[in-house]
């Protein structure tokens, strides 16, 4: 049987991250990464993503016909970034005639061996706020102990274990409690989790792959930016 892979795309962190993972040979085995790459230049991500995907597929000797699904990090994250990832995932899903596996940024930050108990995941949301959620991975997939919500930045110092923070937030912790760790959105982890979802039939159509926006307002007006700059409340 020809090697099958899942292609994973994440842009929620501002850095475009792409990885491909091979189909595990046994149940509960962590999928092996076939290739991964990043695009740090935010402005060129949409133009570079597809050509670089094609380049890495060719270098790895992989063909679209071997793809089982397209995994995508649906957020939360930057408004334009999420639309880029979801749009490319939708396009590849249709072109390659494969399903999508939408997963959140919170899940993409889970360690390879997540703890048995629920884990709080904290992500810098900019605008002096934090994206937060409490999740747990089980054989049934991701269990949402607390659905995604917004926290004021002042609440960061109250983070309690077990928790994982992105690098920006972790750097601001004054005295991190034991069990509060640093982490990052990872495309390889996205691909590995996507295989678990795929094998259990938890997939979506291309149209259903939509960005997750936790806050109702995704941008400030000019007046609000000026007020913040000059210290107005």
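The values are calculated or read from the model by the stated rules, or taken from the named source; none is laboratory data. Quick caveat: nothing in here was measured; it's all calculated off a predicted structure. Here the Cβ positions follow ideal geometry from the backbone for every residue, glycine too, while neighbour counts run over all protein chains shown.
Name every residue in the range 147-180 that is touching a residue at least 24 places away in the same chain (Cβ under 8 Å) and assigned to a strand (DSSP E or B), in order of residue number. Quick ask: steps written out before the conclusion?
The initial filter retains those residues of the range 147-180 that are touching a residue at least 24 places away in the same chain (Cβ under 8 Å), namely 148-153, 155-156, 159-160, 162-166, 168-169.
Of everything in the range 147-180, those that are touching a residue at least 24 places away in the same chain (Cβ under 8 Å) and assigned to a strand (DSSP E or B) turn out to be 148, 149, 150, 151, 152, 163, 164, 165, 166.
One line per residue, one yes/no per condition, for (1) under 26 Å from residue 91 (Cβ atoms); (2) buried (at least 20 other Cβ atoms within 10 Å of the Cβ); (3) touching a strand residue (DSSP E or B) at 6+ places or on another chain (Cβ under 9 Å); (4) in the same structural domain as residue 121 (by TED's automatic domain parsing):
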{"position": "140", "(1), (2), (3), (4)": "no, no, no, yes"}
{"position": "157", "(1), (2), (3), (4)": "no, no, no, yes"}
{"position": "161", "(1), (2), (3), (4)": "no, no, yes, yes"}
{"position": "179", "(1), (2), (3), (4)": "no, no, yes, yes"}
{"position": "200", "(1), (2), (3), (4)": "yes, no, yes, no"}
{"position": "209", "(1), (2), (3), (4)": "yes, yes, yes, no"}
{"position": "213", "(1), (2), (3), (4)": "yes, no, no, no"}
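Could you list, in sequence order, all residues of the range 22-31 that are exposed (fewer than 15 other Cβ atoms within 10 Å of the Cβ) and either within 20 Å of residue 57 (Cα to Cα) or touching a residue at least 12 places away in the same chain (Cβ under 8 Å) (or both)? Show your work before the answer.
Of all residues in the range 22-31, those exposed (fewer than 15 other Cβ atoms within 10 Å of the Cβ) come to 25-29.
Residue satisfying the conditions is 27 alone.
Restricting to the range 72-86, count the residues that are surrounded by fewer than 22 Cβ atoms within 10 Å (Cβ to Cβ) and either modelled with pLDDT of 95 or more or on the phi > 0 side of the Ramachandran plot (or both).
Within the range 72-86, the first condition is being surrounded by fewer than 22 Cβ atoms within 10 Å (Cβ to Cβ), and the residues that meet it are 78-80, 83-84.
From what's left, either modelled with pLDDT of 95 or more or on the phi > 0 side of the Ramachandran plot (or both): none.
The number of residues fulfilling the criteria is 0.
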Checklist entry - Is it fair to say residue 205 is modelled with pLDDT of 95 or more, in the same structural domain as residue 40 (by TED's automatic domain parsing), surrounded by fewer than 18 Cβ atoms within 10 Å (Cβ to Cβ) and under 20 Å from the mean Cα position of the chain (by Cα)? => result yes
Next on the checklist: For the structure I just gave you, tell me whether residue 89 is assigned by TED's automatic domain parsing to the domain that holds residue 205, assigned to a strand (DSSP E or B) and closer than 18 Å to residue 202 by Cα.
Outcome noted: no
Item to check | Residue in the range 125-132 that is over 14 Å from residue 13 (Cβ atoms) and touching a residue at least 60 places away in the same chain (Cβ under 8 Å) present | outcome: yes
